[in-house]
1. With no solvent and one equal point scatterer placed on each C-alpha of the stretch 1-74, evaluate the Debye formula and give log10 I(q)/I(0) for q = 0.18, 0.23 Å⁻¹, two decimals.
2. Using a simple spin-label model with points 7 Å from Cα along the Cα→Cβ vector, what separation in nm is obtained for I17 and K117?
3. May I ask you to compute the full-extension gain from E97 to N68, defined as 0.36 nm times their residue separation minus their alpha-carbon distance, rounded to one decimal in nm?
4. Amide H neighbours of V45 under 5 Å, counting only residues 5+ apart in sequence or on other chains, H built in-plane at 1.01 Å?
5. How far apart, in nm, are two points set 7 Å out from the Cα along the Cα-to-Cβ line at N109 and at Q26?
6. Suppose R0 equals 30 Å; then what is the FRET efficiency for D86 and K7 from their Cβ-Cβ distance, rounded to the nearest 0.05?
7. Please give, to one decimal in nm, the separation of the simple spin-label points placed at M33 and D54, each 7 Å out from Cα toward the Cβ.
8. Using packing as a proxy for protection, rank 85-93, 29-37, 45-53 so that the peptide with the highest average count of other Cβ atoms within 10 Å comes first.
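Values in this text are rule-based calculations from the coordinates and carry no lab data. This is a predicted model, so every value here is computed, not measured. Cβ coordinates were reconstructed from backbone atoms using ideal geometry, including for glycine residues, and neighbour counts include every protein chain displayed.
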Amino acid sequence: MNAKKEKMMESAIKGYIAGLEDPYSQYLTKEEMQDFKEDTEGEYVGIGVYTTNDTEKNAIVVLRTIGNSPANKAGLLTGDIITKVDDVSYTGEQLSEAVKQMKGIAGTNVKITIFTKIILNYIQLISIHGIMTMRKIITN
């Protein structure tokens with residue numbers, strides 16, 4: 001299949017899944033699936049946060065931070081909405097692009113702008129990229 005047809009097919013499938021209006025259903029492209037596997041099974045450099053696309057608000061929402069990660073140390077909380085990464089605005093539909101920007105070289109800075117319900121306001125946090133190691137859990 002050529003690139004244009006593949007892009008059209010992916011768009012059609014994404015539209016079909018979005019039409020389900022199920023916040024837990026999402027179609028992932030090959031690249032997005034590879035990123036997902038890396039985030040959940042491997043080692044990567046990032047700020048240490050699990051996020052999701054809140055389809056009702058079209059926003060990137062923090063599910064939780066990872067242990068002693070830079071995101072945890074910077075004060076990100078469950079329910080915070082990430083609105084910008086390095087001064088670039090992102091919506092929930094752009095979750096994959098935002099996640100790529102939150103990854104980087106260990107020890108470098110990334111600026112995250114969030115809307116937090118705690119103070120009902122926007123704040124900026126500077127976080128340092130750290131190495132995250134994700135353990136694969138296997139059950140019988």
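1. -0.89, -1.13
2. 2.6
3. Going from the current span to full extension adds 8.0 nm.
4. Counting only residues 5 or more places away or on other chains, the set is G104, M132.
5. In this crude spin-label approximation the distance works out to 2.9 nm.
6. Once rounded, the FRET efficiency stands at 0.65.
7. Modelled inter-label distance: 3.0 nm.
8. 45-53, 85-93, 29-37
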